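S.K.: Pasting a structure here, questions to come.
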């Protein structure tokens, strides 16, 4: 007799439900090292096919299955069942418009990512081969380039909950910093101009939920601090 | 934005009511709360001072209140707010300057501030 895992899952079907509710499920522990996504898949395939959620790679690379798990954001595919208090409360990413069940509208999140112009901007003519970077300069991108844009950090941030229409949020700001520190990018001035705003950047109150939530163990709070210092050093 | 195709609809997923409190979140909210308490204390303090200097009777009344249970608890709470806000303020300035910015340092410094505040709170309670 397999051990039973108890889950309490957020449900909402806009065509049937007036408001969201929590539904309980019981899933057998299939194997040691079983992840939360395995349990959700079991529910969908064996118990209740109407449960809706996003997932793709299943190994923490694509960033599709960011969820609120027992009150903390994380990726279902790399969160072990073992160590989670039961019943495991599974909810969509916080402060997002729910499309159905665990699927939320990510448009605004990606729109904010687009606002920081996440591509290399350079005036100098294209070299014959690739744009070179010293190993030291490349190393400065460590801690930024690993971001998979899952949205766990941004949707964990109370400042973003209250002011998400104007505050860019940790994920977009981590990415902004990634281009500011890139030795090949030549638009640092314009990037800083865009960020120097009471809301876009300075709504961060160092609550640090972002770094606690990040499944890649990055530190958006530190990235925001770096942008602030960059702005300060530009002034003096 | 020009890229928005549709107005968002659907209920907002739960946030503050369900999010687990980490030490950093406690430290940040505590900073706002203690700051607010200190700002509100200033006019009350001035009002008490003014009352004290009005007449001998007023002085006695304020004196008695400050040494009553409620008065002592008030002073204790303001004292805790002050020491917490001061220590955590230094922590924030240090982090702003780029010191102790690693994930572990950020957590540890918050814990240190909390432990120190509790110690001072106990000391203050004994002294009052």
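Since every read-out is calculated from the coordinates, none of them should be taken as a lab result. All values reported here derive from a predicted model rather than from experimental measurement. Using ideal geometry, Cβ is built from the backbone for each residue, glycine included, and neighbour counts are taken over all protein chains shown.
S.K.: So for region A:107-235, averaging the separation of alpha carbon pairs under 8 Å that are six or more residues apart and normalising by length, what relative contact order in percent results?
M.R.: Relative contact order for region A:107-235 comes out at 32 percent.
S.K.: Further question on the same structure: Once you've got the GNM for chain A with C-alpha springs shorter than 10 Å, pick whichever of A:144, A:122, A:95 has the biggest mean-square fluctuation.
M.R.: The residue with the greatest mean-square fluctuation here is A:122.
S.K.: Counting residues in the protein assembly as shown as N, plug N into 2.2 N^0.38 Å and put the Cα Rg over that result.
M.R.: Computed over Cα atoms of the protein assembly as shown, the ratio equals 1.21.
S.K.: I would also like to ask the following. Can you tell me, using C-alpha contacts under 8 Å and at least 6 residues apart, the relative contact order of region B:1-120 as a whole percent?
M.R.: Taking the mean separation of contacting Cα pairs over the length of region B:1-120, I get 30 percent.
S.K.: Moving to a separate point now. Computed FRET efficiency, Cβ-Cβ of residue B:58 and residue B:33, R0 35 Å: what is it to the nearest 0.05?
M.R.: After rounding to 0.05, the efficiency reads 0.65.
S.K.: Which angle from 0 to 90°, rounded to the nearest 10, does the C-alpha axis of helix A:170-180 make with the longest principal axis of chain A?
M.R.: 30
S.K.: Quick one: Cα centre-to-centre distance for region A:185-236 and region B:79-121, in angstrom?
M.R.: Spelled out, the Cα-based centre of one part sits 21 Å from the other.
S.K.: At residue B:76 and residue A:126, where each label point lies 7 Å from the Cα along Cα→Cβ, what is the point-to-point distance in nanometres?
M.R.: Calculated label separation equals 7.3 nm.
S.K.: Still on this model: Nearest 10 degrees is fine. How inclined is helix A:220-235 to the longest principal axis of chain A, computing both from alpha carbons?
M.R.: Rounded to the nearest ten degrees, it is 20.
S.K.: Among DSSP bridges having both ends in the protein assembly as shown, what percentage is antiparallel? Round to the nearest 5.
M.R.: 85
S.K.: Alpha carbon centre of region A:8-85 versus region A:107-138: separation in Å?
M.R.: Cα centres, region A:8-85 to region A:107-138: 35 Å.
S.K.: Pick out which of A:189, A:58, A:164 has the largest mean-square fluctuation in a Gaussian network model of chain A, springs linking Cα atoms closer than 10 Å.
M.R.: Top of the fluctuation ranking is A:189.
S.K.: Quick one: angle between helix B:69-96 and the longest Cα principal axis of chain B, in degrees between 0 and 90, rounded to 10, please.
M.R.: In chain B, helix B:69-96 runs at an angle near 40 degrees to the longest axis.
S.K.: Now a separate question. If you bin the C-alpha pair distances of region B:44-128 every 5 Å from 0, what whole percents do you get?
M.R.: Calculated P(r), rounded to whole percents: 3, 13, 17, 15, 13, 11, 9, 7, 6, 3, 1, 0.
S.K.: Here is a further query. Measuring from the lowest to the highest alpha carbon on each principal axis, how far does region A:102-160 reach, largest first, in angstroms?
M.R.: Computed over the Cα atoms, the extents are 47, 22, 21 Å.
S.K.: Sticking with this structure for a sec: Note down the relative contact order for region A:4-104 as a percent, whole number, built from C-alpha pairs under 8 angstrom at least six residues apart.
M.R.: 34
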